[in-house]
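*Asks:* Got a structure for you, questions after.
The values are calculated or read from the model by the stated rules, or taken from the named source; none is laboratory data. Bear in mind the structure is a predicted one, so any value in this text is a computation, not a measurement. Note that we place each Cβ from the backbone using ideal geometry, even for glycine, and neighbour counts take in every protein chain shown.
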Amino acid sequence: MKKVYGSIILDTAFRYLIPFILLYGVYVLLHGEYSPGGGFQAGAILGIAFVLDGLVQGKKAILRITGETAVIIAGIGTFLYCFVGILSMLSGGNFLEYSLLPIPMNDVEKHVWGILGIETGVCICVMFTIIAIFYALVGKEE
Amino acid sequence: MSRILASVAIVLMCLLLFSTTNGLPVLFDANSPASTHVTPRYIEKSHEETGSPNFVTAVLADYRGYDTLGETTVIFTAGLATAALLMASKKKSNRMKGGKDK
């Protein structure tokens, strides 16, 4: 991709923007059980950070994960969701029965960690789907 | 000819949809089926049944966990298909004829 949008203002501004966007995305993900937010929203925010980096810095982007790699990681995110469900099945429960997850904690903590597990899976899937579509769109100009 | 047929089909479909609008419950009606069937159960019981302090999370991750799994799969499939279509032919000679790349 040619450096169409790069300028000294953007190069400086996005260095201050990216850490805050990433931090906010992680906050929305981790706090999703108690406040508005969750996996889908956090995935969109984190994906936008990567897209912004790709737009401003072009080929030299630090957070550059292109094409096939992004699709593979999105698939891993989807698998993470299923994996939590399968873990609870392995210990004798139903699919996604969080209180039977094989981790040494009490029921409430297991529930929280189970929900965090599936939210993380959703987040990774949404985030890398956005990145994959973005780099598939700009990839032809390279 | 097909354009006229399509227009007629659109107009008929619009009339059908508009004529059924009267049967829908009023927006925010407390006595509508949606507000009397599962909503009270979620509001009253979701905390003790799931332990989650947030209705939305309780519905999303507990009551309808399968649904969310389906949503995630749909998003992944859509991304996979889009990426596959857009990245299919990077060589110019493999692209479809037409447009500016003749």
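*Asks:* So, of the residues in the range A:77-98 that are hydrophobic (A, V, I, L, M, F, W, C) and outside any helix (DSSP H, G or I), which turns out to be modelled with the highest pLDDT?
*Replies:* Among residues in the range A:77-98 that are hydrophobic (A, V, I, L, M, F, W, C) and outside any helix (DSSP H, G or I), the one modelled with the highest pLDDT is A:PHE95.
*Asks:* Looking at the range A:29-44, which of the residues that are free of Cβ contacts under 8 Å to residues at least 60 places away in the same chain and under 17 Å from B:THR72 (Cβ atoms) is nearest to the other protein chains (Cβ to nearest Cβ)?
*Replies:* A:GLY37
*Asks:* Let me ask something else about it. Specify the residue that is surrounded by the most Cβ atoms within 10 Å (Cβ to Cβ); the eligible residues are those in the range A:52-67 that are part of a loop (DSSP other than H, G, I, E, B) and out of contact with any Gly (no Cβ under 8 Å at 6 or more places or on another chain).
*Replies:* Initial filter on the range A:52-67 (part of a loop (DSSP other than H, G, I, E, B)): A:61-66.
Narrowing the set further to residues that are out of contact with any Gly (no Cβ under 8 Å at 6 or more places or on another chain) leaves A:62, A:65.
Details: A:ILE62: 8, A:ILE65: 17.
That would be A:ILE65.
*Asks:* Could you tell me whether B:SER46 is free of Cβ contacts under 8 Å to residues at least 24 places away in the same chain, surrounded by 14 or more Cβ atoms within 10 Å (Cβ to Cβ) and outside any helix (DSSP H, G or I)?
*Replies:* In short, no.
*Asks:* Can you tell me which of B:ALA34, B:ALA84, B:ALA61, B:ALA9 is out of contact with any strand residue (DSSP E or B) (no Cβ under 7 Å at 6 or more places or on another chain) and under 21 Å from A:PHE95 (Cα atoms)? Break it down stepwise before answering.
*Replies:* Values: B:ALA34 fails: under 21 Å from A:PHE95 (Cα atoms); B:ALA84 fails: under 21 Å from A:PHE95 (Cα atoms); B:ALA9 fails: under 21 Å from A:PHE95 (Cα atoms).
Every option except B:ALA61 fails the conditions.
*Asks:* Now, a different point. Just one of A:ALA13, A:ALA70, A:ALA74, A:ALA49 is in a helix (DSSP H, G or I), closer than 20 Å to A:ILE115 by Cα, touching a helix residue (DSSP H, G or I) at 6+ places or on another chain (Cβ under 9 Å) and small (Gly, Ala, Ser); which is it?
*Replies:* Going through A:ALA13, A:ALA70, A:ALA74, A:ALA49 in turn, just one is in a helix (DSSP H, G or I), closer than 20 Å to A:ILE115 by Cα, touching a helix residue (DSSP H, G or I) at 6+ places or on another chain (Cβ under 9 Å) and small (Gly, Ala, Ser): A:ALA74.
*Asks:* Name every residue in the range A:101-142 that is among the hydrophobic types (A, V, I, L, M, F, W, C), surrounded by fewer than 17 Cβ atoms within 10 Å (Cβ to Cβ), within 25 Å of A:SER35 (Cα to Cα) and more than 10 Å from every other protein chain (Cβ to nearest Cβ), in order of residue number.
*Replies:* The answer is A:MET105, A:TRP113.
*Asks:* I would also like to ask the following. Would you please name the residue that is modelled with the lowest pLDDT, looking only at residues in the range B:49-97 that are in a helix (DSSP H, G or I) and of a type in the set (D, E, K, R)? Before you say what the answer is, go through the steps one by one.
*Replies:* Keep residues of the range B:49-97 that are in a helix (DSSP H, G or I), which gives B:49-50, B:55-63, B:65-86, B:92-94.
Applying the additional criterion that residues be of a type in the set (D, E, K, R) yields B:49, B:62, B:67, B:71, B:92.
On the way: B:GLU49: 82, B:ASP62: 85, B:ASP67: 91, B:GLU71: 92, B:LYS92: 59.
Step by step, filter the range B:49-97, then rank; the result is B:LYS92.
*Asks:* Then there's this: On the basis of being within 30 Å of A:ILE73 (Cβ to Cβ), part of a helix (DSSP H, G or I) and modelled with pLDDT of 85 or more, does B:THR21 make the cut?
*Replies:* No.
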